[in-house]
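Worksheet for the structure shown next.
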Amino acid sequence: MMRRLALLGAGGHGKVVADSALCAGWQEVVFYDDAWPGVQSCGPWPVAGNSEQLRLDLAGFDGVVVTIGNNAIRLDKQRWLQQGGAALVSVVHPAACVSRYASIGPGSVVMAGAVLNIDAKLGQACIINTGATVDHDCQLADGVHVSPGAHLSGEVQVGQASWIGAGAVVRQGLSIGRSVTVGAGAVVVKPISEGMTVVGNPARVLVRSDPSGAL
């Protein structure tokens, strides 16, 4: 029987998740996006409707993933779909290296070349992007995005809806608060409190963002 996957969010991130899903054994991918009907396709895949239509169509899919890049919106949409009974699943590219002792929450995605080491724990709706590494005993709350080529050393804790930018590095054992943005290439050597944006090497505070979760 054909395994069908619905993706909510027809942007560039969605295309990567769709491609990863097909590599991982899903046989059909259908997109939904709230820009429909203005947006009719995402790469080679059709856009069948908006998020409300997806809730109506849930019975026709074996799994659902929210593929919206914004962390707070992705997490909100995931919770809304959960309330509607969606079968939220994770997608792991076969070229990722994931320890059998790591755990991945529903709606999370792990891209090609990423590494999840022993006892790493991902919450719901997380993104471990291309070539990123999450080392042993890291704990990522719901809605975290670790961007391409970013590296979390062992025992790092990352709060809800935080974003680790491309190529950033986080020293072992540190705590990063909720709704934090770590800029691309930043080197984090001290804990970061809730709502901060940090940049540079070593990372320094650039601005305090909205602690409500907006990024």
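Observations on the model:
- Sequentially through region 171-181, phi angles give Karplus couplings (6.51, -1.76, 1.60; θ = phi - 60°) of 5, 4, x, 7, 10, 10, x, 6, 6, 9, 10 Hz, Gly and Pro residues having no value and appearing as x.
- Relative contact order (%) - criterion: Cα under 8 Å, at least six apart; region: the chain: 11
- Value of relative contact order over region 1-73, rounded to a whole percent, pairs C-alpha under 8 Å and six or more apart: 42
- Euclidean distance of C-alpha centroids, region 134-203 and region 12-44, integer Å: 28
- Candidate lysines for bridging to LYS77, where Cα separation is under 27 Å - those fewer than 8 sequence places away on the same chain excluded: LYS15, LYS121
- Normalised by the number of residues in region 92-199, the average gap of Cα pairs under 8 Å and 6 or more apart makes the relative contact order 16 percent.
- 3J(HN,Hα) along region 86-98, derived from phi through the Karplus expression 6.51 cos²θ - 1.76 cosθ + 1.60 where θ = phi - 60°, amounts to 5, 8, 6, 10, 9, 10, 10, 5, x, 8, 7, 10, 10 Hz, with x in place of Gly and Pro.
- Taking other residues whose beta carbon is less than 13 angstrom from the beta carbon of ALA48, and scoring Lys, Arg as +1 and Asp, Glu as -1, yields -3.
- Computed from backbone phi with θ = phi - 60° and the Karplus coefficients 6.51, -1.76 and 1.60, the 3J(HN,Hα) list for region 146-156 is 9, 6, x, x, 7, 9, 9, 6, x, 6, 7 Hz; x is used for glycine and proline.
- Sparse packing (at most 16 other Cβ atoms within 10 Å of the Cβ) combined with a DSSP loop state is found for the following trypsin sites (Lys or Arg not before Pro) in region 57-144: ARG100.
- Loop trypsin sites (Lys or Arg not before Pro), region 1-62 (other Cβ atoms within 10 Å of the site Cβ: 15 or fewer; DSSP): ARG3
The numbers here are math on the coordinates, done by the rules we state, and not lab data. These numbers come from a predicted model, not from an experiment. Glycine gets a Cβ as well: all are built from the backbone with ideal geometry, and neighbour counts include every protein chain shown.
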